[in-house]
1. Tell me the mean residue ellipticity at 222 nm calculated for the protein assembly as shown from its helices only (DSSP H runs of n ≥ 4, each -39500 (n - 2.57), averaged over every residue, nearest 500).
2. Go through B:79-87, B:286-294 and give me the packing order, highest mean Cβ count within 10 Å leading.
3. Hey, if you put +1 on the Cβ of every Lys and Arg and -1 on every Asp and Glu Cβ in region A:7-196, which of A:CYS172, A:ILE8, A:VAL184 ends up farthest toward the positive end of that dipole?
4. Taking the Cα centre as origin and putting +1 on Lys and Arg beta-carbons and -1 on Asp and Glu beta-carbons, what dipole magnitude results for the protein assembly as shown, to the nearest 20 debye?
5. Per residue of B:138-150, what is the mean number of Cβ atoms on other protein chains within 10 angstrom of that residue's Cβ?
6. Tell me, for chain B, which Cys residues have no other cysteine's C-beta sitting closer than 4.7 Å.
7. Sort B:127-136, A:33-42 for me by packing, meaning the mean count of neighbouring Cβ atoms within 10 Å per residue, highest on top.
8. Among the lysines, which fall within straight-line cross-link reach of B:LYS251, defined as a Cα-Cα distance under 18 Å, with same-chain neighbours fewer than 8 residues apart omitted?
Amino acid sequence: MKQKFNIITSTCVPLPLENVDTDQIIPARFLKATTREEKFFGDNLFRDWRYRPDGSLNEEFVLNNPTFGGEILVAGKNFGSGSSREHAAWAIAGYGFRVVVSSFFADIHKNNELNNFVLPVVVSEAFLKELFDSIYANPKMQVEVNLPEQTITNKATGKSERFEINGYKKHCLMNGLDDIDFLVENKDKIEAWENASR
Amino acid sequence: MANTLFDKIWDAHIVQQVEDGPTQLYIDRLYCHEVTSPQAFAGMRARGLKCFRPDHIYCMPDHNTPTHDQDKPIEDPVSKTQVDTLAKNAEEFGLNHFGMMHPKNGIIHVVGPERGLTLPGMTIVCGDSHTSTHGAMGAVAFGIGTSEVEMVLASQCILQARPKTMRITIDGELGKGVTAKDMALYMMSKMTTSGATGYFVEYAGSAVRALTMEGRLTLCNLSIEMGARGGMVAPDETTFAYIKGREYAPKGEAWEKALAYWKTLKSDEDAVFDKEVRYDAADIQPMITYGTNPGMGMGITEQIPQSDGTASFEKSLNYMGFQAGESLLGKKIDYVFLGACTNGRIEDFRAFASIVKGHKKADNVIAWLVPGSWMVDAQIREEGLDKVLEEAGFAIRQPGCSACLAMNDDKIPAGKYSVSTSNRNFEGRQGPGARTLLASPLTAAAAAITGVITDPREFM
């Protein structure tokens, strides 16, 4: 969904596992939908970790723990590896997350988040570790993600880090524009390329 | 200036460089399957757009297709809707479509190369991470999300950040029983599943040159499992011989012209890569995975390593029901899966048949042998491999992605062990609770006849 992005200040949901793959974010059996029903995908985010095989709630999983909540998911390194399924980004957005923080993202999933107005924020290992510590010490602590300034701030410690995003994508996120808007406006350039490369 | 193979192809496809942003890259071939395309077509419809270059786009269902009774309607109504939706979208937007039971149907990453649709020098995308497979033909091929599929439908272009380049050189000769699959699992075990994230990989060295086209396709297929955007092998005589005469390959004068261009597609001798990695083929033995990501692999005679202390490692071994320090040899297994875009080609069936010939399938094993396409199926029968397999107690199913990700009925039950030639051993990948051990077709075949994890070299 096209949502303008500016500054988000929120509590966080910690998921300190590494190599969280997109099969865990949304298992393949939920990929059969032919429409972009974010609620359906959001309801099944981390399905097999959220629910036991008999369908009952797994209280041990963080999404089922009322202590934690918010619009920011904080995950261990190499988040979103594996399948290219954009359904994973739809599930994250559909659940209500606007930001995912990790020290490392898989390439395709990172693009998918950006194309769905979810901001992947890459932080240092040290910042990430401290962030997990802060969240567990006080689940009500807040993090500020400032897209215009490209900074993320741990409000418990006051520590701040700058994150990277290219100017074009930043402009898109802040103004609710997507790449298709851009591409269809550039058809003459595409035709010129085709003619030149024949 | 000296360029890498990747640079040459990428640069030849730049429509424009967006200021402080990504590259607008022209795409020669878009492949669409039924799972990651419906929302892209719906988006096109909502925006009132037509496909910009419909003749560059090929569609086929593969993920949901059952591996039996494909001539009958799909039983699962949700799967059926998704497969039917692809057919309707292809018709509405005027795209090439090889539906279920069409002689050209199969797994999109098997069909593209075998039909000559995938050619050297092309840029190729598909809403599927294993699009990296096509790089084996000397193409720049990578997986994309559904929004990006929509971009290509609308403009035949994609906006993409230029990846860094990495060359992985594997010199030397592969030992007995060691395949392209083992090379890839070995590299992943060394580099981890994020070791090549941000990079486009070129595979080089004598061990890579010596691989057949099928082997190179397997190798490039698994590039994504190291996190790489894609993997590629410079086209050579092996590539040209493979392509010549294939249905969509250039013919006559066009062939000569194409061939002259393809011969220029290699990294210049003094080209500089952002990263260089080297491995010795002699260090690789048949591999098997013990954990829940493809980087958790080891030589089949080795022991599961000690915990690295992370919660992820403990969770992984707990899921698999294994202990650190133990050997997997002799462990009882329940299922064997031969197939997928990784190992569903003719050479994989030859390899499997070479091990099981003259033996019988173990009683405790359920084996699913799924050709990657109808073309592979036809070749299996032409070569008489079907007879060898049947005599050993194995049946051949109909083509599709099957138990690789279990979107059809081919699901491994919870808690069961599956020796699988597919590409991912993630939790629940082959069905909720399924435990997957990735291996080559040779290793899968050895397990299928003994019923336990077995070093395939014992049967060679």
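No value in this document is a laboratory result; all are computed from the given coordinates. Because the structure is predicted, anything quoted here is derived from the model rather than measured. We place every Cβ from the backbone using ideal geometry, glycine too, and count neighbours over all the protein chains shown.
1. Helix-only estimate at 222 nm: -9000 deg cm²/dmol.
2. Highest-to-lowest ranking by the protection proxy: B:286-294, B:79-87.
3. Looking along the dipole axis, the top candidate is A:ILE8.
4. 420
5. 5
6. Unpaired cysteines in chain B: B:CYS51, B:CYS126, B:CYS157, B:CYS220, B:CYS341, B:CYS401, B:CYS404.
7. Output ranking for B:127-136, A:33-42: B:127-136, A:33-42.
8. Those lysines meeting the cut-off are B:LYS263.
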